[in-house]
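S.K.: Structure below; questions to follow.
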Amino acid sequence: MNILNNISANELIINLSILLSKPTGISNYADNLVPYLKFLQPTLLTAKNYSDFNCCLVPDNLTPDQGTKGHFRRLIWTQFELPQIYKNLRSHLLFSPLPEAPIYTNCRFVVMSHDLIPLRFPKHFSRLTSYHRYYVPQVLNQAQHIICNSSATARDIIDFYQIPTSKITPIPLAHDRTHFCPLNLPTRNYFLYIGRQDTYKNLQRLITAFAALSNSNEYELWLAGPTDLRHTPVLQVQVEKLGITNRVKFLNYIPYSELPKIINQAIALVFPSLWEGFGLPVLEAMACGTPVITSNLSSLPEVAGDAAILINPYNTGEITEAMQTIATDSGLRSRLSSQGIIHSQQFSWEKTGKATSEVLSRYL
């Protein structure tokens with residue numbers, strides 16, 4: 001007998017209180033995953049309406065859109081309000097798309113852990129570092145099970161928190177194949193980076209590497225991602241000192257609807273991050289047929305396989321050499337484009353959803 005057929009409406013609740021108005025990272029993961037969990041008949045805890053699901057409305061001020069206050073309100077709500085919702089709905093299991101759940105309560109939960117970057121690159125007096133150092137391990141230890149997005153993240157959970165391997169299931173993320181696909185647009189003269197501008201994203205080395213191209217005056221570097229007052233001004237000063245202000249564009253946040261076009265027309269995506277839990281931009285670029293240059297560290301080789309140029313992200317010369325080769329070798333660009341499209345087809349939200357539902361069903 002398939003136990004999934006006997007799951008009642010409120011046995012599973014999914015906490016979507018973190019969803020952003022401008023989706024990135026965790027929000028994209030949750031939005032794409034939830035449709036494939038529908039047959040589990042979950043109740044969604046959400047501030048927005050999902051017409052095809054049972055929904056329980058939650059406050060709309062619990063997200064990073066409201067800054068630190070939003071995070072703080074969500075943690076308080078998670079600890080004190082969520083257990084009551086769990087009880088009122090007579091739930092048997094909570095699924096959270098990030099490592100947050102009520103601790104020291106009777107709630108049973110499965111959580112998703114995306115990365116432990118704040119512990120790999122700790123910052124003094126950082127709330128995020130403290131969050132991962134003190135709160136997250138409590139959540140992971142009390143969880144029924146932990147899902148993560150790569151084998152690299154699983155190793156970090158084991159190494160940093162001493163969680164047993166048997167309690168962790170890596171499930172790769174995916175991309176929307178109807179959205180990220182080749183558009184047969186002409187390639188333009190820019191290298192593209194997509195993501196935040198945090199220090200571990202390694203943009204200072206990327207900018208230095210771009211400036212060292214022998215013919216950099218023929219190309220541009222486009223940095224797509226939300227402006228960050230902690231990091232963007234530093235990068236802008238660097239660009240000015242290198243005398244390449246007219247060739248480096250800070251594009252700010254790019255709406256999801258516009259990403260395929262900007263990816264399709266790039267010479268290559270350059271993603272030299274020092275660490276990633278997964279690295280969605282790499283997968284999305286490969287799906288578009290855009291050549292990829294990315295790091296040989298963390299999860300990125302898992303995502304890229306043999307369909308990208310892998311570089312040591314600490315070696316600026318390697319980044320420059322890879323960009324130079326991509327710019328001048330049309331045959332290599334064509335091969336990487338074809339290989340990337342084929343490789344990206346191994347990933348789908350349907351597969352991610354099926355694997356996730358199999359984990360959840362074990363604890364319902």
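The values are calculated or read from the model by the stated rules, or taken from the named source; none is laboratory data. Everything numeric in this text was worked out from a predicted model, so none of it was measured. Cβ placement follows ideal geometry from the backbone for every residue including glycine, while neighbour counts extend to all protein chains displayed.
S.K.: Considering only residues of the range 195-216 that are under 15 Å from residue 267 (Cα atoms) and at pLDDT below 95, which is surrounded by the most Cβ atoms within 10 Å (Cβ to Cβ)?
M.R.: 216
S.K.: Would you mention how many residues in the range 234-251 are surrounded by fewer than 16 Cβ atoms within 10 Å (Cβ to Cβ) and part of a loop (DSSP other than H, G, I, E, B)?
M.R.: Adding up the residues that qualify gives 1.
S.K.: Another one. Restricting attention to the range 297-314, which residues are assigned to a loop (DSSP other than H, G, I, E, B) and either assigned by TED's automatic domain parsing to the domain that holds residue 169 or in contact with an Asp or Glu (Cβ under 9 Å, 6 or more places away or on another chain) (or both)? So that I can check it myself, show each step before the final result.
M.R.: At the first step, the residues of the range 297-314 found to be assigned to a loop (DSSP other than H, G, I, E, B) are 297-299, 305-308, 312-314.
Those that are assigned to a loop (DSSP other than H, G, I, E, B) and either assigned by TED's automatic domain parsing to the domain that holds residue 169 or in contact with an Asp or Glu (Cβ under 9 Å, 6 or more places away or on another chain) (or both): 297, 298, 299, 312.
S.K.: Looking at residue 216, is it within 20 Å of residue 318 (Cβ to Cβ) and of a type in the set (S, T, N, Q)? Show your work before the answer.
M.R.: Working: within 20 Å of residue 318 (Cβ to Cβ): yes; of a type in the set (S, T, N, Q): yes.
Yes: the conditions hold for residue 216.
S.K.: Go through the range 36-132 and tell me which helices (runs of 4 or more DSSP H), entirely inside it, have 1 or more residues that are without any contact (Cβ under 8 Å) to a residue 24 or more places away in the chain and in contact with a helix residue (DSSP H, G or I) (Cβ under 6 Å, 6 or more places away or on another chain).
M.R.: Values: elements: 67-80, 82-88, 117-120, 127-130.
Output list reads 67-80, 117-120, 127-130.
S.K.: Within the range 42-54, which residues are at pLDDT 95 or above and not hydroxyl-bearing (Ser, Thr, Tyr)?
M.R.: If the condition is that a residue be at pLDDT 95 or above and not hydroxyl-bearing (Ser, Thr, Tyr), then 42, 44, 45 are the ones that fit.
S.K.: Take the conditions crowded, with 22+ Cβ neighbours inside 10 Å, at pLDDT 95 or above and more than 21 Å from the chain's Cα centre (by Cα) and apply them to residue 109. Does it pass?
M.R.: Working: crowded, with 22+ Cβ neighbours inside 10 Å: yes; at pLDDT 95 or above: yes; more than 21 Å from the chain's Cα centre (by Cα): yes.
Criteria met by residue 109.
S.K.: Against the condition part of a strand (DSSP E or B), modelled with pLDDT of 95 or more and not assigned by TED's automatic domain parsing to the domain that holds residue 353, how does residue 221 come out, does it pass? Lay out the reasoning, then the answer.
M.R.: Details: part of a strand (DSSP E or B): yes; modelled with pLDDT of 95 or more: yes; not assigned by TED's automatic domain parsing to the domain that holds residue 353: yes.
In short, yes.
S.K.: Among the residues of the range 161-195, how many are part of a loop (DSSP other than H, G, I, E, B), under 24 Å from residue 150 (Cβ atoms) and in contact (Cβ under 8 Å) with a residue 60 or more places away in the chain?
M.R.: Final tally of qualifying residues: 11.
S.K.: Further, regarding this structure: Only one of (1) touching a residue at least 40 places away in the same chain (Cβ under 8 Å); (2) out of contact with any Pro (no Cβ under 6 Å at 6 or more places or on another chain); (3) not in a helix (DSSP H, G or I) fails for residue 289. Which number is that?
M.R.: Among (1) touching a residue at least 40 places away in the same chain (Cβ under 8 Å); (2) out of contact with any Pro (no Cβ under 6 Å at 6 or more places or on another chain); (3) not in a helix (DSSP H, G or I), residue 289 violates only (2).
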